[in-house]
């Protein structure tokens, strides 16, 4: 059965999440203090690991990873702390799926 599931990401560079095989990433966004992915899944499919990268604006992206952009998320709060900067702008994170090593590296 096809269903939409929500996965919560950590605000860290690399992470692995198990999802049903063939899962389709729909979008990334914020829910409260969480960075989330919404994914269309076949909940009867066996699970497989998928790798993701969350990078803040200005962070250097790893040159060895081939990345597929998913979305940009504005976060006014993280881990119970207000992270709005001195200019009253939220932190901005960019979510990618790591799809393999970069070609030629």
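Just so it is clear, none of the values below were taken in a lab; they were calculated from the coordinates. Quick caveat: nothing in here was measured; it's all calculated off a predicted structure. Here Cβ is always computed from backbone atoms with ideal geometry, including for glycine, and neighbour counts include all displayed protein chains.
Quick rundown of the values:
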item: Region 15-32, residues that are surrounded by fewer than 16 Cβ atoms within 10 Å (Cβ to Cβ), within 14 Å of the chain's Cα centre (by Cα) and more than 12 Å from residue 94 (Cα to Cα); result: 15, 16, 18, 24, 26, 31
item: Selection count where residues are without any contact (Cβ under 8 Å) to a residue 60 or more places away in the chain and either crowded, with 18+ Cβ neighbours inside 10 Å or not in a strand (DSSP E or B) (or both), scope region 1-14; result: 5
